[in-house]
Amino acid sequence: MLTLLIFLMYLVLFTLVQFIVTISMLVQWVLVLFNGETNTRLRRFTKGLNRYSWEILEYLNFNSD
């Protein structure tokens, strides 16, 4: 059962999170292109998403509980 949970978390991390990061990267790029500066709220969101991804990777590699 634990193996299935780990596999599902892997799928969530590398499909959903990757998609969200790609979209946010493109949005941020367009904002910089037109406004000349980044969006602070989007930067905070992606920073939190990076932390979440790191925590999942730590769990999947048995480095945390």
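The values are calculated or read from the model by the stated rules, or taken from the named source; none is laboratory data. The model shown is predicted, which means the values in this text are computed figures rather than measured ones. Glycine gets a Cβ as well: all are built from the backbone with ideal geometry, and neighbour counts include every protein chain shown. Side chains included, ligands, DNA and RNA excluded: accessible areas come from the protein's heavy atoms. Shrake-Rupley method; radii C 1.70, N 1.55, O 1.52, S 1.80 Å.
Annotation: of all residues in the range 41-65 being exposed (fewer than 14 other Cβ atoms within 10 Å of the Cβ) and hydroxyl-bearing (Ser, Thr, Tyr), the one that is modelled with the highest pLDDT is TYR52.
Taken as a whole, the condition of being at pLDDT 85 or above and not basic (Lys, Arg) does not apply to PHE7.
Of the residues that make up the range 18-40, is at least one open to solvent by less than 60 Å² (accessible area, probe 1.4 Å) and acidic (Asp, Glu)? The answer is no; no qualifying residue exists. Can ARG51 be described as of a type in the set (D, E, K, R) and more than 11 Å from the chain's Cα centre (by Cα)? So ARG51 does not fit the description; no.
Scoring LEU13 on the criteria (1) open to solvent by less than 60 Å² (accessible area, probe 1.4 Å); (2) not in a helix (DSSP H, G or I) leaves a single failure, condition (2).
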